[in-house]
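Okay, structure first, notes after.
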Amino acid sequence: MPKNKTHKGLQKRIRVSKTGLIRHRTAGRKHLRSGKGGKKLRQYRREPFMSSADAKRLEKLLFRRIRGREQPRTALRKSPSPEQRKAAKAEAAKKKS
């Protein structure tokens, strides 16, 4: 079976933080700002983290678990380390016998 490849175009446009949030650039904030209102310009300075619904849509393109701006850290499940897997396996074998 072939390996899953991440979407390279998306990978260049976003950055995933250590806690699983996605940072991105909002459209319309580079130039022609004089025609925009003050409220709109203040909104562009908001946190550049993606919302939960958009982040969930990108999981399929990146092939990794990510979380949205509104979700807590516990929403991101971590894979167990090899030591944790070994300990869990030993504990499960101990329960069986």
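Laboratory data are not the source of any read-out in this text; all were calculated from the coordinates shown. As the structure is a computational prediction, the values presented were derived from the model and not from experiment. Because the Cβ atoms are built from the backbone with ideal geometry, glycine has one as well, and the counts that use them run over all protein chains shown.
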Quiz item: So how tilted is helix 52-62 from the main axis of the chain? Cα-based, degrees 0 to 90, rounded to 10.
Solution: 70 degrees
Practice problem: Could you tell me which chymotrypsin sites (Phe, Trp or Tyr not before Pro) in the range 31-69 are loop residues by DSSP with no more than 16 other beta carbons within 10 angstrom of their beta carbon? | Solution: Phe63
Practice problem: Putting +1 on Lys and Arg Cβ atoms and -1 on Asp and Glu Cβ atoms, find which of Gly20, His31, Leu10 reaches farthest to the positive end of the dipole of the chain. | Solution: His31
Exercise. Count the lysine pairs in the range 1-72 whose Cα atoms sit under 17 Å apart, keeping only pairs 8 or more residues apart in sequence or on different chains.
Key: 7
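Can you compute the helix-only [θ] at 222 nm over the chain? Use -39500 (n - 2.57) per DSSP H run of at least 4 residues, normalise by all residues, nearest 500 deg cm²/dmol. Working shown, then result.
On the way: 4 runs with 39 residues, N = 97.
Using -39500 (n - 2.57) per qualifying helix, the result is -11500 deg cm²/dmol.
In debye, nearest 20, what is the charge dipole magnitude of the chain about its Cα centre with +1 on Lys and Arg Cβ and -1 on Asp and Glu Cβ, if you could check? Please report the intermediate quantities before stating the final value.
On the way: 34 positive and 6 negative charges, 61 e Å.
It works out to roughly 300 debye.
For Lys86 and Ser17, what does the FRET efficiency come to when R0 = 25 Å and r is the distance between their Cβ atoms, rounded to the nearest 0.05? Write down the numbers at each step before the final one.
Details: r = 30 Å, r/R0 = 1.18.
Efficiency, rounded to the nearest 0.05: 0.25.
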